[in-house]
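Participant: Pasting in a structure now, in structure tokens, and then I'll have a few things to ask.
The values are calculated or read from the model by the stated rules, or taken from the named source; none is laboratory data. Note that the structure is a prediction, hence the values are computed from the model and not measured. All Cβ positions, even for glycine, are placed from backbone atoms using ideal geometry, and neighbour counts span all protein chains on display. Only protein heavy atoms, including side chains, enter the accessible area calculation; ligands, DNA and RNA are left aside. Shrake-Rupley method; radii C 1.70, N 1.55, O 1.52, S 1.80 Å.
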Amino acid sequence: MNKASDNETVDVLIIGAGASGAAVAWSLADTRMHILCLEQGDWTTTSDYPTNAKNWEAQQFGAYNINPNVRGLETDYPINGDASPIDVVNFNGVGGSTILYAAHWPRLHPSDFRVKTLDGVADDWPVDYAQLEPYFVENDRMMGVSGLAGDPMYPPKLPPLPPLPMGLVGDTMAKAYDKLGWHWWPSDSAIISEPYEGRDKCLNLGPCVSGCSQGGKSSTDITYWPQAIRSGVELRTRCRVREITVNEQGMADGAIYYDGDGQERFQKAEVVIMACNGVGTPRILLNSKSAQFPDGLANNSGLVGKNLMFHPVSVVQGVFEERLDSHKGPQGCCILSKEFYETDGDRDFVRGYNMQIVRGAGPLTTAMQGHGSGTIPWGPGHHEAFRKRFDHVASIVNVCEDLPEECNTVTLDPELVDSNGIPAPKITYRVSENSRKMLAHSVARGREVMEAAGAREIVSNDLLRASGWHLLGTARMGHDPASSVVNSWGRSHDVKNLFIVDGSIFVTSGGVNPTSTIQALALHIADTMKQNLANLFD
Amino acid sequence: MTNDGNATDHPLSPAQRQRQRLSALLDTILPASEDGAMPSAGELDFLAFVREQAEDFMPALGRALDHFDDEFPDSPLPVRLARVQDYAGTEGKAFNSLLFHIYDCYYQDDRVRELIGVMPGPPFPQGNTVEPGDLSRLDAVVARSPGYRRSLR
Ligand SMILES: Cc1cc2nc3c(=O)[nH]c(=O)nc-3n(C[C@H](O)[C@H](O)[C@H](O)COP(=O)(O)OP(=O)(O)OC[C@H]3O[C@@H](n4cnc5c(N)ncnc54)[C@H](O)[C@@H]3O)c2cc1C
Ligand code: SF4
């Protein structure tokens with residue numbers, strides 16, 4: 001590995017070692033350029049994950065909470081979410097949010113890249129599915145993905161590994177979709193169903209969202225990073241970037257960051273790549289103010305931090321008479337339905353949603369959620385109510401497409417700062433009228449499915465607060481510098497040696513979990529950079 | 001150490017009386033099941049659990065117990081339930097935290113886990129077996145599907 005000293009200029013400086021940072025680092029490594037990645041968090045170890053211990057569920061409420069404000073680790077930064085009905089969730093460390101993600105692995109659909117043309121809303125992307133297709137394939141191979149070929153709702157694709165077991169939850173729900181004549185398919189999952197590339201297969205522990213002790217879940221710390229590092233990429237942890245600096249010509253020339261001891265440092269670079277996710281990237285760009293860029297770096301369009309998209313999520317849970325072994329198997333990966341994915345003129349909203357069937361929780365979470373919802377009392381009725389629910393539930397998580405709106409923003413909080421004094425991001429977000437109608441539709445259809453499945457009780461949540469998993473759109477791609485931040489290969493319109501590869505560059509959100517598309521885009525950007533190395537800044 | 005005070009040892013020391021209150025509180029919040037299959041929370045060693053896994057909670061536990069007087073352990077169940085209900089109503093956050101720790105202790109217990117059909121011990125490295133499911137039904141899904149929506153470049 002090349003080690004950069006403080007006063008040495010690296011060829012490529014990547015900020016953030018998550019899903020996209022890892023993919024771009026690995027792809028660029030074969031150029032033999034001097035590549036350095038600065039990551040604010042640490043490496044995690046599989047033996048530290050909660051499922052090694054009996055108190056694994058309690059840890060999910062604390063140090064392994066998906067919400068950084070609850071987790072409050074030194075490596076996290078606070079997020080002001082007071083002006084948003086959806087909380088941002090993430091993980092900060094090598095692997096980024098893939099450490100805690102559920103690894104549900106759908107791709108955006110071909111139609112998602114053409115929403116303006118097809119439905120007259122938002123904007124078309126400057127790239128399309130066909131262009132990204134080879135990168136989807138390469139990314140699936142690098143990450144290790146399980147699934148079943150033949151889903152008619154997609155162009156042909158062939159996941160490298162066979163699908164994960166559906167279990168009783170999947171079987172029960174699949175029968176319901178059949179009864180209704182609706183689409184369903186086993187989920188593609190970034191979880192390995194068979195030994196793969198030196199990793200052991202998934203053991204069906206269940207709680208993938210607190211880290212996978214088995215290493216069966218494909219987080220980038222165990223997929224891309226080891227290979228990138230072997231190829232010479234340097235990854236420095238506990239380095240929190242405060243701002244990207246520019247030279248007199250208005251080109252990015254490095255980053256100011258704080259090391260693990262809180263010392264301020266400067267790293268010089270020829271090229272800077274942002275990979276801090278849809279909240280972290282606009283935060284740092286907005287904090288990178290200079291005489292040339294008084295409103296933040298790469299922000300001549302004024303769009304850095306605007307058009308924030310989550311996926312508003314509704315949940316419909318069915319409680320069944322029969323035991324479904326709900327706590328067994330990857331919680332977020334079972335089957336899905338694309339029945340309502342596309343626009344239908346008969347509905348009162350445009351675009352659509354993905355129905356993701358998820359399994360149940362462990363006993364502590366079941367009991368606490370039951371207390372919160374009033375369905376499992378403490379006291380004499382506890383055991384009976386608990387017995388009826390625990391391992392007897394299946395849920396539908398409806399992931400709704402969120403259309404871009406400039407009023408949904410990431411800005412710098414005027415008061416809140418992280419442990420290094422860097423302004424924290426402030427989220428201002430409202431659920432649009434279109435999303436509200438879509439959410440209501442998804443709850444009604446979800447209830448129909450649960451009825452068809454024979455659930456004896458159905459409960460629903462119209463909008464899940466802890467669902468800011470997908471952070472998109474805050475530095476969008478496009479051909480026109482007036483209406484976008486980066487071009488079709490992630491290069492800033494304003495700063496020709498600054499690239500963005502994370503979820504910020506999404507033009508629209510699609511109605512599916514985004515990470516396979518985020519990484520395919522990162523690989524596409526890296527490849528285009530490699531093809532244009534001789535005149536990268538022209 | 002268990003949560004029970006020694007009832008024959010009168011007069012009880014403050015610590016013993018506090019333990020009696022704890023034991024009664026645990027049995028009120030999570031009593032044994034009617035058929036006797038599920039133990040009550042008071043049958044588990046809650047204090048040892050707090051000491052080992054949630055030491056930070058110890059002062060809050062002491063404060064929670066201060067809400068219940070020495071009559072509490074000998075009161076009939078409806079009275080005890082009403083007292084806890086009252087506490088939950090006035091000290092919602094503290095009660096939720098107490099409940100969380102009681103449930104956490106209870107559902108980590110190997111005997112309880114076996115009774116609810118969960119393997120004892122941590123999930124890793126034992127893992128679980130999950131049925132593959134019937135994929136043959138997908139032929140019908142393919143047959144009835146309109147296919148994906150085409151998008152022109
Ligand atoms: C609980 C949970 C469940 C999820 N489930 C799914 C799922 O099932 N399917 C799916 O597709 N997606 C899922 N996601 C989302 C998925 O994890 C993200 O889409 C993906 O990780 C985003 O990739 P990224 O590269 O944009 O950012 P990230 O992976 O978040 O990486 C950003 C990295 O940048 C670092 N960073 C940020 N700021 C700085 C700074 N100033 N200096 C240095 N480093 C910095 C962070 O520490 C972090 O490591 C889930 C996420 C969570 C939290
Ligand atoms: S279910 Fe599989 S992927 Fe998820 S944590 Fe367990 S072993 Fe890992």
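Participant: For segment A:67-212, what is the charge dipole size about the Cα centre, in debye to the nearest 20, if Lys and Arg each add +1 at the Cβ and Asp and Glu each add -1 at the Cβ?
Facilitator: Once rounded to the nearest 20, the dipole reads 340 debye.
Participant: Could you please state, rounded to a whole Å, how far the C-alpha centre of segment A:105-134 is from the C-alpha centre of segment A:279-357?
Facilitator: Spelled out, the Cα-based centre of one part sits 15 Å from the other.
Participant: Looking at B:LEU25, B:LEU65, B:PRO78, which one has the Cα that reaches farthest to the positive end of the dipole of segment B:14-122 (charges on Cβ: Lys, Arg +1; Asp, Glu -1)?
Facilitator: After comparing all options, I get B:LEU65.
Participant: For helix B:77-90, what angle does its Cα long axis make with the longest principal axis of chain B, in degrees from 0 to 90 and rounded to 10?
Facilitator: 70
Participant: What do you get for the angle between helix A:433-453 and the principal long axis of chain A? Use alpha-carbon atoms, 0 to 90 degrees, nearest ten.
Facilitator: 40
Participant: Follow-up question, since we're still on this one. What whole-number value in Å² describes the accessible area per residue of segment A:39-122 for a 1.4 Å probe?
Facilitator: In whole numbers, segment A:39-122 has 32 Å² accessible per residue.
Participant: With every protein chain kept in the model, how would you rank A:HIS479, A:HIS441 by accessible area, 1.4 Å probe, largest at the top?
Facilitator: A:HIS479, A:HIS441
Participant: Can you list the residues, at least 5 places off or on another chain, whose amide H is less than 5 Å from the amide H of A:ASP253, using H built in the peptide plane?
Facilitator: A:THR245, A:VAL246, A:ASN247
Participant: Once you put a point 7 Å from the Cα of A:ASP200 and another 7 Å from the Cα of B:ALA15, both along the Cβ direction, what distance in nm separates them?
Facilitator: 4.4
Participant: Stretch A:GLU448-A:ASP295 to full length: gain in nm at 0.36 nm per residue minus the Cα-Cα span?
Facilitator: 50.2 nm
Participant: Further question: Out of the total accessible area of chain A (probe 1.4 Å, heavy atoms of protein only), what percent is carbon and sulfur?
Facilitator: On chain A, the fraction of accessible area on carbon and sulfur atoms equals 48 percent.
Participant: Then there is this: Could you sort out which of A:LYS54/A:LYS179; A:LYS157/A:LYS530; A:LYS175/A:LYS328; A:LYS201/A:LYS496 sit more than 31 Å apart by Cα distance in this structure?
Facilitator: Numbers: A:LYS54/A:LYS179 40 Å; A:LYS157/A:LYS530 26 Å; A:LYS175/A:LYS328 19 Å; A:LYS201/A:LYS496 43 Å.
From the list (A:LYS54/A:LYS179; A:LYS157/A:LYS530; A:LYS175/A:LYS328; A:LYS201/A:LYS496), the Cα-Cα distance tops 31 Å for A:LYS54/A:LYS179; A:LYS201/A:LYS496.
Participant: Now, a different point. Which of A:ALA526, A:ILE458, A:SER488 sits farthest toward the positive end of the charge dipole of segment A:432-538, with +1 on the Cβ of Lys and Arg and -1 on the Cβ of Asp and Glu?
Facilitator: So the residue furthest toward the plus end is A:ILE458.
Participant: Same structure, new question: Taking a label point 7 Å from the Cα of A:LEU416 along the Cα→Cβ vector, which residues of segment A:10-40 have an amide N closer than 18 Å to it?
Facilitator: Answer for this model: none.
Participant: OK, next. Among A:TYR177, A:SER84, B:GLN53, whose Cα lies farthest out toward the positive end of the dipole of the protein assembly as shown, if unit charges sit on the beta carbon of Lys, Arg (+1) and Asp, Glu (-1)?
Facilitator: A:TYR177
Participant: Could I ask something else about it? First select every other residue whose beta carbon is under 9 angstrom from the beta carbon of A:MET166; then total the charges, Lys and Arg +1, Asp and Glu -1.
Facilitator: Overall, the nearby charge balance is -3.
Participant: Sticking with this structure for a sec: Enumerate the amide H contacts of A:GLY468 below 5 Å, restricted to partners 5 or more residues apart or on another chain; note that Pro and chain-start residues carry no placed amide H.
Facilitator: Amide H neighbours of A:GLY468: A:ASP87, A:VAL89.
Participant: Taking the simple approach of a point 7 Å from Cα along Cα-to-Cβ for both A:LYS437 and B:GLU71, what is their distance in nm?
Facilitator: 6.1
Participant: Rounded to the nearest 5, what is the percent of antiparallel bridges among the DSSP beta bridges in chain A? All intermediate terms of the calculation are to be shown ahead of the outcome.
Facilitator: Working: 45 of 67 bridges.
Percentage antiparallel, nearest 5: 65.
Participant: Ratio to report: Rg/Rh of the protein assembly as shown, with Cα atoms as the point set and Rh obtained by the Kirkwood method; give two decimals. Can you show the working numbers first?
Facilitator: Values: Rg = 26.3 Å, Rh = 26.4 Å.
Dividing the radius of gyration by the Kirkwood radius yields 1.00.
Participant: Taking amide H positions as placed in the peptide plane 1.01 Å from N, state which residues far from B:SER40 in sequence (5 or more) or on other chains have amide H under 5 Å from it.
Facilitator: Close amide H contacts, sequence-distant or interchain: B:ALA32.
Participant: Take the alpha carbon atoms of segment A:136-186, find their center, do the same for segment A:240-276, and report the distance between the two centers in whole angstrom.
Facilitator: For segment A:136-186 versus segment A:240-276, the Cα centre distance is 42 Å.
Participant: Compute the length gained on full extension between B:ASP45 and B:LEU115: take 0.36 nm times their separation in residues and subtract their Cα-Cα distance, giving the result in nm to one decimal.
Facilitator: Full extension from B:ASP45 to B:LEU115 adds 23.4 nm.
Participant: Let me ask something else about it. Relative contact order for chain B using alpha-carbon pairs under 8 Å, separation at least 6, rounded to a whole percent?
Facilitator: Relative CO of chain B lands at 20 percent.
Participant: Give the interface area between chains B and A as buried accessible surface, both sides summed, probe 1.4 Å, in Å² to the nearest 100.
Facilitator: Buried surface at the B/A interface: approximately 5000 Å².
Participant: Which value, in debye to the nearest 20, describes the size of the charge dipole of the protein assembly as shown about its Cα centre when Lys and Arg Cβ atoms bear +1, Asp and Glu Cβ atoms bear -1, and nothing else is charged?
Facilitator: That gives a dipole near 1120 debye.
Participant: Treat every Asp and Glu Cβ in segment B:14-122 as -1 and every Lys and Arg Cβ as +1, leave all other atoms uncharged, and give the resulting dipole magnitude about the Cα centre to the nearest 20 debye. Before the final figure, lay out the partial values.
Facilitator: Numbers: 10 positive and 19 negative charges, 37 e Å.
I would put it at about 180 debye.
Participant: In addition: Please compute, for peptide A:324-331, the average count of beta-carbon atoms on other protein chains lying within 10 Å of each residue's beta-carbon.
Facilitator: On the way: counts 0, 5, 0, 5, 9, 5, 1, 0.
Taking all residues of A:324-331 together, the mean is 3.
Participant: Next question, about the same structure. Place the peptides A:126-132, A:219-225, A:428-434, A:337-343 in order of packing, highest mean first, counting for every residue the other Cβ atoms within 10 Å and averaging per peptide.
Facilitator: A:219-225, A:337-343, A:126-132, A:428-434
Participant: Per DSSP helix of 4 or more residues, -39500 (n - 2.57); summed, then divided by the residues of the protein assembly as shown. What does that give at 222 nm, rounded to the nearest 500?
Facilitator: After summing the helix terms and dividing by the residues of the protein assembly as shown, the value is -9000 deg cm²/dmol.
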